[in-house]
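Written out below as structure tokens is the structure these notes cover.
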Amino acid sequence: MADVFVHPQGINDSDEVGEGTRIWAFAHVMKGARIGRSCNVGESCFVEGGAVLGDHVTVKNGVAVWDRVTVEDHVFLGPYAVFTNDRIPRSHPDYRTGPAGWEPTLVRTGATVGANATIVCGITLGAWSFVAAGAVVVRDVPDFAIVAGCPARAIGWACKCGRRLPDESLRCACGLAYRREGEGIAPV
């Protein structure tokens, strides 16, 4: 694959890695994984077959992206963030869920997942949402929401630039503005 960098101590078994993507030392991208253009897969990462990463995704060191996890464009996955794909994991063959029972997770465009956050399967992280470091996310996160804690709860709204929005004005220092829309917000 031309224009894909794989560190000499990295492993790429996938035929579907986009131009300009970098896969660093001790990272392993399995056959059947799909990775878009201009992504960065950090050291000691694992991308399982069936996982999908969009374009311009940053996967910091130590992240594992499992089968049935889809990450859209411009997403940031912080160091050692954790995804799951099985709500009732068991090793014993009589009780093992298996791929047919695994639940999909969707991380929408522009979202940020902080360091050491845990994302339980079967949920959606909304576009431009921001999951704080160490949060344990067990339910869907709305677009632009900031969530923190265990279990994660909404604590405010994030601008596309990543800054927390003032609750009253929803106008960011970067110049972008938002309006309330139902239980969420949307760009003006």
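The values are calculated or read from the model by the stated rules, or taken from the named source; none is laboratory data. What you see is a predicted model, and the numbers here were worked out from it, not measured in a lab. In this analysis, Cβ positions are derived from the backbone assuming ideal geometry, glycine residues included, and neighbour counts consider all displayed protein chains.
What the table below lists for this structure:
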read-out: Total residues in the range 1-33, condition modelled with pLDDT of 95 or more and either small (Gly, Ala, Ser) or in contact with a Ser or Thr (Cβ under 7 Å, 6 or more places away or on another chain) (or both); value: 14
read-out: Test: Ala51 is without any contact (Cβ under 8 Å) to a residue 40 or more places away in the chain and closer than 20 Å to Thr118 by Cβ; value: yes
read-out: Pick from the range 105-119, criterion part of a loop (DSSP other than H, G, I, E, B) and in contact with an Asp or Glu (Cβ under 9 Å, 6 or more places away or on another chain), ranking: surrounded by the fewest Cβ atoms within 10 Å (Cβ to Cβ); value: Thr109
read-out: Residue that is small (Gly, Ala, Ser) and modelled with pLDDT under 95, where the choices are Gly101, Gly122, Gly110; value: Gly101
read-out: Residue among Ile88, Ile146 that is surrounded by 17 or more Cβ atoms within 10 Å (Cβ to Cβ), β-branched (Val, Ile, Thr) and over 13 Å from the mean Cα position of the chain (by Cα); value: Ile146
read-out: Extreme residue, farthest from Asp67 (Cα to Cα), among residues of the range 3-38 that are touching a Gly at 6+ places or on another chain (Cβ under 7 Å) and either aliphatic (A, V, I, L, M) or outside any loop (DSSP other than H, G, I, E, B) (or both); value: Ala25
read-out: Residue identified as without any contact (Cβ under 8 Å) to a residue 60 or more places away in the chain, surrounded by fewer than 16 Cβ atoms within 10 Å (Cβ to Cβ), farther than 24 Å from Thr58 by Cα and acidic (Asp, Glu) among Asp140, Asp94; value: Asp94
read-out: Selected residue (criterion: surrounded by the fewest Cβ atoms within 10 Å (Cβ to Cβ)) from residues of the range 163-179 that are among the basic types (Lys, Arg) and over 16 Å from Val141 (Cα atoms); value: Arg179
read-out: Test: residue in the range 68-84 that is part of a loop (DSSP other than H, G, I, E, B), of a type in the set (Asp, Glu) and in contact with a strand residue (DSSP E or B) (Cβ under 8 Å, 6 or more places away or on another chain); value: yes
read-out: Among residues of the range 41-63, those that are over 19 Å from Thr105 (Cβ atoms) and surrounded by fewer than 19 Cβ atoms within 10 Å (Cβ to Cβ), counted; value: 3
read-out: Number of positions in the range 120-145 that are out of contact with any Asp or Glu (no Cβ under 6 Å at 6 or more places or on another chain) and under 14 Å from Val82 (Cα atoms); value: 10
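The rows are residues; the columns are (1) of a type in the set (Val, Ile, Thr); (2) part of a strand (DSSP E or B); (3) free of Cβ contacts under 8 Å to residues at least 40 places away in the same chain.
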{"position": "Gly122", "(1), (2), (3)": "no, no, yes"}
{"position": "Gly134", "(1), (2), (3)": "no, no, yes"}
{"position": "Cys150", "(1), (2), (3)": "no, no, yes"}
{"position": "Ile155", "(1), (2), (3)": "yes, yes, yes"}
{"position": "Pro166", "(1), (2), (3)": "no, no, yes"}
{"position": "Gly175", "(1), (2), (3)": "no, no, yes"}
{"position": "Arg180", "(1), (2), (3)": "no, yes, yes"}
